[in-house]
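Nothing in this text is a laboratory measurement; each read-out follows from the coordinates by a stated rule. A quick note: this is a predicted structure, and the numbers were derived from the prediction, not measured. FYI the Cβ positions are ideal-geometry reconstructions off the backbone, even for glycines, and counts take in every protein chain you see.
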Amino acid sequence: MPSRGKAVRGSRRGDQSPIHFLPVVLHEGQAVVSQRQIAAKSNEILAFALLLDPLGLRNQVITPDAMHTQIGHAEHIATRGARYSWS
């Protein structure tokens, strides 16, 4: 089953899937600064660029999890003036 970010506790209704969000979390303070809902029949790979686009990433270090170790994601981060470190 593909990963879809974090499931929202209590969001499952009957036989429906729970709501999932893909968050952007600051390392210091662990604050969520942005999040995007992931479609029930999708996964977080498709939401990655859309989640990062509104954020100012220049000179930031992005540390996505292993699912995002993809050339397209690395290029997207680099073209925004940021660097990455895969976890």
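Key figures for this structure:
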read-out	value
Inter-site label distance for Thr63 and Thr79 at 7 Å from Cα along Cβ, in nm	2.7
Relative packing of peptides 62-71, 42-51 - highest average C-beta neighbours within 10 Å first	42-51, 62-71
Spacing of the two label points (7 Å from each Cα toward its C-beta) at Leu26 and Ser42, in nm	2.7
Interchain or long-range residues, amide H under 5 Å from Ile38's placed H	His20, Phe21, Leu22
Segment 6-84, Rg to Rh (Cα coordinates; Rh as Kirkwood inverse mean 1/r)	1.01
